[in-house]
Amino acid sequence: MTNKPLATKLTAYLELQQVDHRLLMHRTPAISIEDAATQRGIRQSQMVKAILLRDMGDLYALACVPGDQSVDPKKVRAALACRRMTCVDLAAVESITGYQVGTVTPLLLKQPMPVLFDPQILHEAEITISSGSPLAGIALSSKDLVTLCQPIFASICR
């Protein structure tokens, strides 16, 4: 599994689920996707970027794409048959997901919500997600992440 220089609710969950993973420590808190990829020694395409969206009726959804891509809210709206989807105000992200901005991951969300994955995430055998801390990421099999999340697959990149 992993040595535990940093333990979070997410690392504990992965241990409990017996999911092979590696903790990728950062030298400093990551300030961007580019910074996190550099500190983890990986390509941005190996990262899962998670963007919290909401529709006009306050349905929340977490849209996940490779780190080198952008989420297209119109495509998320179409996949969920919603009238309109917009990014959630950054000040509200932690109260909705349980994670600080920049550390949101598709596992152990505070509120239940649809999780959408762009199929491009599966182009990488090993991907990384946030550990829930700005000081580390977690590398795991993309197949294991799909098994744990049970996401809706839809082409949601711009």
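The values are calculated or read from the model by the stated rules, or taken from the named source; none is laboratory data. Nothing here was measured: the structure is a model prediction, and the numbers come from that model. Reconstructed Cβ throughout: ideal geometry from the backbone, glycine too, with neighbour counts over all protein chains shown. Accessible surface areas use protein heavy atoms only, side chains included; no ligands, DNA or RNA. Shrake-Rupley method; radii C 1.70, N 1.55, O 1.52, S 1.80 Å.
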Within the range 87-110, can you find the residues that are in contact with a Lys or Arg (Cβ under 7 Å, 6 or more places away or on another chain) and open to solvent by less than 40 Å² (accessible area, probe 1.4 Å)? 88, 96, 97, 98
Quick check: anything in the range 58-66 open to solvent by less than 20 Å² (accessible area, probe 1.4 Å) and part of a loop (DSSP other than H, G, I, E, B)? no
Residue satisfying condition, being in contact with a Pro (Cβ under 9 Å, 6 or more places away or on another chain), of a type outside the set (Phe, Trp, Tyr) and without any contact (Cβ under 8 Å) to a residue 60 or more places away in the chain, within set 122, 135, 116, 148: 116
Filter result (of a type outside the set (Phe, Trp, Tyr) and either surrounded by 18 or more Cβ atoms within 10 Å (Cβ to Cβ) or out of contact with any Leu (no Cβ under 7 Å at 6 or more places or on another chain) (or both)) within the range 149-158: 149, 150, 151, 155, 156, 157, 158
All conditions in (1) in contact with a Lys or Arg (Cβ under 7 Å, 6 or more places away or on another chain); (2) crowded, with 19+ Cβ neighbours inside 10 Å are true of residue 55 except (2)
